[in-house]
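What follows is one structure encoded as structure tokens, with my remarks underneath.
The values are calculated or read from the model by the stated rules, or taken from the named source; none is laboratory data. The structure displayed is predicted, hence computed values, not measured ones. Ideal geometry is used to build each Cβ from the backbone, glycine not excepted, and the neighbour counts take in all protein chains shown.
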Amino acid sequence: MIDLPIPDEKVLARRQEIANALLRIVPDGVVADRATLTAYDSDALNGYRQIPLVCVLPRNAQQVSAVLSFAARENIRIVPRGAGTSLSGGALPLADGILLSLTRMNNILDIDYENRCVVVQPGVTNAGVTRAVEARGFYYAPDPSSQIACTIGGNVAENSGGIHCLKYGLTTHNLMGVELVLINGERVRIGGKHAGDCGLDILGVIAGSEGLLGVVTEATLRILPRAPVTRTFLIAFADTESAARAVGEIIADGIVPAALEFMDRRCVDAVEAFCAPGYPPGAEAILIIELDGMEVEAEDVCRRVSAIAARNHAISSRECASAEERTRVWSGRKAAFAAMGRLQPDMLCMDGTIPRRALPFVLGEIAAMSERYGLGCCNVFHAGDGNLHPLIVFDVMKDDELERAEAFGAEILKLCVKVGGVLTGEHGVGVEKKALMGEMFSPTDLGQQERLKCAFDARGLLNPGKVFPILHACVEQGHMHVRNGRIPFANLPRM
């Protein structure tokens, strides 16, 4: 079971006083009544809810800065929140904490085609970035399944990926700069439109920091021109092992598809019943492969992929004949999570990454675990980079099914680490995986990470209870020590 920090009763007693103080900062954006706060009591991690002390919805970076400064001055915990689509509990509120919702900061501030970048506020949706530039033939590459809802601020916090992350990278590979508000209210700029940076790679630290270091109020994102040619294949196999071997051979042959996705039979059947994308009936596994580039390059790669599929006993292979068919095929993949509702009312979406060579073994082990725990599990994942998303379906209202689902998920993640993988590929650690951090990191590793956290947030006010099993007290550790409440990184430009 997941635990969060014990609420501070003194802070709870000050609810109205705190709400009134926040109203002076954000006059039209404070939610304090419990009935309305229930809309903010969870994110997409199944089975856990917590009504926050108060929710504040700033409209600009100045208000964010003032809210954080107030929280630091009054020693009040604060949890940043985007659209609430986090699958790891990263935005789970605290009973004695301010929930800082950034959804009203949803403006695109600048589109710079010459430098191939856009500057956005954190509440802009992922899909909204592409919509803003697609008329000029550009797009934003990271594309999570929740892209119509998830926001850029959350994408930066979790280092989100998507179906095109194999070739074009995660958020961190497409993030050029941020404006960050520190816990004491200071606003700093890190990176920007210019290529490269000197000194410490602070931008690399911010991407994937899960709201523990500061609050992103602006992001500069790289946009890419659409490839001249895009070709999409739907390949079916009689068994999951053959599909997994084909994945390994494609990458080993030097082919880097724009996307390479895997779905097993149970997932395919649920998706077909949900939105009818036209997947091959009777297949135990399918691969959706997107290849892009110049015409000659795409033609050569298509021939090589078809040969690899044939060598691995594919039972069918077809290329999408139109843009409409391609959209339909991908809509089924993106609807996989929603389709699980046809099987059970609740779902845990796991997120571990393994070496591609381990795919056949790990998929077999997951099937055995599913039998042992007595719970259904559908496999849909980014096969090209081994980023698994086993979908464990259950009913939280039945007996101990939530506890069994969590134990099942934990065993999957431990297996990922055991075969040489990692605990998370793109969903983050949050509260879901923090108890498993010791499976992957030594006490020394965790200690170094904690010291970095403490360099930014000495009192642990930003998103406490997330990522670390236990956040030990910050201690003086050379240059990582916080002096007089300020971060000792002289090269951070300040606002």
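Determine whether region 176-191 contains at least one residue that is among the polar types (S, T, N, Q) and part of a helix (DSSP H, G or I).
Narrowing region 176-191 to residues among the polar types (S, T, N, Q): 184.
Those left that are additionally part of a helix (DSSP H, G or I): none.
No, the conditions are met nowhere in region 176-191.
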Would you pick out the residues in region 229-240 that are surrounded by fewer than 19 Cβ atoms within 10 Å (Cβ to Cβ) and not in a strand (DSSP E or B)?
Ala238, Asp239
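Identify all residues within region 147-162 that are buried (at least 23 other Cβ atoms within 10 Å of the Cβ) and either part of a loop (DSSP other than H, G, I, E, B) or in contact with a strand residue (DSSP E or B) (Cβ under 9 Å, 6 or more places away or on another chain) (or both); write none if there are none. Before you say what the answer is, go through the steps one by one.
Step one: filter region 147-162 for residues buried (at least 23 other Cβ atoms within 10 Å of the Cβ), giving 150-162.
Listed by number, the residues that qualify are Cys150, Thr151, Ile152, Gly153, Gly154, Asn155, Val156, Ala157, Asn159, Ser160, Gly161, Gly162.
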Restricting to strands (runs of 3 or more DSSP E) lying wholly in region 300-397: which have 2 or more residues that are in contact (Cβ under 8 Å) with a residue 24 or more places away in the chain and more than 19 Å from Pro281 (Cα to Cα)?
346-349, 376-382, 390-394
Residue pairs qualifying under the 8 Å Cβ cut-off, at least six apart or on distinct chains, with the first in region 456-472 being farther than 18 Å from Leu436 by Cβ and the second being crowded, with 20+ Cβ neighbours inside 10 Å and aromatic (Phe, Trp, Tyr), are Leu462/Phe456
Here are some residues: Leu45, Leu4, Leu37, Leu23. Which one is surrounded by 21 or more Cβ atoms within 10 Å (Cβ to Cβ), of a type in the set (A, V, I, L, M, F, W, C) and not assigned by TED's automatic domain parsing to the domain that holds Val396?
Leu45
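Against the definition (under 23 Å from the mean Cα position of the chain (by Cα) and among the small types (Gly, Ala, Ser)), how does Ala336 come out, yes or no?
Values: under 23 Å from the mean Cα position of the chain (by Cα): yes; among the small types (Gly, Ala, Ser): yes.
In short, yes.
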Does Val422 count as surrounded by 20 or more Cβ atoms within 10 Å (Cβ to Cβ) and aliphatic (A, V, I, L, M)?
no
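Being assigned to a loop (DSSP other than H, G, I, E, B) and either closer than 18 Å to Ile76 by Cα or without any contact (Cβ under 8 Å) to a residue 40 or more places away in the chain (or both) is the filter here; which residues of region 24-37 pass it? Steps first, please.
As a first pass, look at region 24-37 and keep what is assigned to a loop (DSSP other than H, G, I, E, B): 26-29, 32-33.
Across region 24-37, the qualifying residues are Val26, Pro27, Asp28, Ala32, Asp33.
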Looking only at region 163-192, how many residues end up being basic (Lys, Arg) and within 30 Å of Ile255 (Cα to Cα)?
1
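Yes/no per residue for (1) in contact with a Gly (Cβ under 9 Å, 6 or more places away or on another chain); (2) surrounded by 24 or more Cβ atoms within 10 Å (Cβ to Cβ); (3) part of a strand (DSSP E or B); (4) touching a residue at least 60 places away in the same chain (Cβ under 8 Å):
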{"position": "Gly208", "(1), (2), (3), (4)": "yes, no, no, yes"}
{"position": "Gly282", "(1), (2), (3), (4)": "no, no, no, no"}
{"position": "Ile286", "(1), (2), (3), (4)": "no, yes, yes, no"}
{"position": "Asp292", "(1), (2), (3), (4)": "no, no, yes, yes"}
{"position": "Ala298", "(1), (2), (3), (4)": "no, no, no, yes"}
Qualifying position, being crowded, with 16+ Cβ neighbours inside 10 Å and either among the charged types (D, E, K, R) or closer than 24 Å to Ser370 by Cβ (or both), among Ala243, Ala259:
Ala243
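Out of Gly90, Gly137, which single residue is surrounded by 23 or more Cβ atoms within 10 Å (Cβ to Cβ), among the small types (Gly, Ala, Ser) and touching a residue at least 24 places away in the same chain (Cβ under 8 Å)?
Values: Gly137 fails: surrounded by 23 or more Cβ atoms within 10 Å (Cβ to Cβ).
Residue meeting the stated conditions: Gly90.
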Here the residues within region 105-133 that are among the acidic types (Asp, Glu) and either without any contact (Cβ under 8 Å) to a residue 24 or more places away in the chain or part of a loop (DSSP other than H, G, I, E, B) (or both) are Asp110, Glu114
If we scan region 88-100, do we find a residue that is under 26 Å from Ala435 (Cβ atoms), touching a His at 6+ places or on another chain (Cβ under 9 Å) and modelled with pLDDT under 95?
yes
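Restricting to region 120-148, name every residue that is modelled with pLDDT under 95 and closer than 15 Å to Ser86 by Cβ.
First, the residues of region 120-148 that are modelled with pLDDT under 95: 143-148.
Residues satisfying the conditions are Pro144, Ser145, Ser146, Gln147.
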For the structure I just gave you, tell me whether Met437 is farther than 17 Å from Val362 by Cα and either in a strand (DSSP E or B) or modelled with pLDDT of 95 or more (or both).
yes
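Let's see how each residue does on (1) closer than 30 Å to Glu406 by Cβ; (2) in a loop (DSSP other than H, G, I, E, B); (3) hydrophobic (A, V, I, L, M, F, W, C):
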site	(1), (2), (3)
Leu22	no, no, yes
Ser42	yes, yes, no
Leu45	yes, yes, yes
Arg59	no, yes, no
Arg73	no, no, no
Pro80	yes, no, no
Leu87	yes, yes, yes
Pro93	yes, yes, no
Thr103	yes, yes, no
Picked from region 60-82 (must be surrounded by 23 or more Cβ atoms within 10 Å (Cβ to Cβ) and in contact with a Ser or Thr (Cβ under 7 Å, 6 or more places away or on another chain)), the residue farthest from Val11 (Cα to Cα) is Gly82
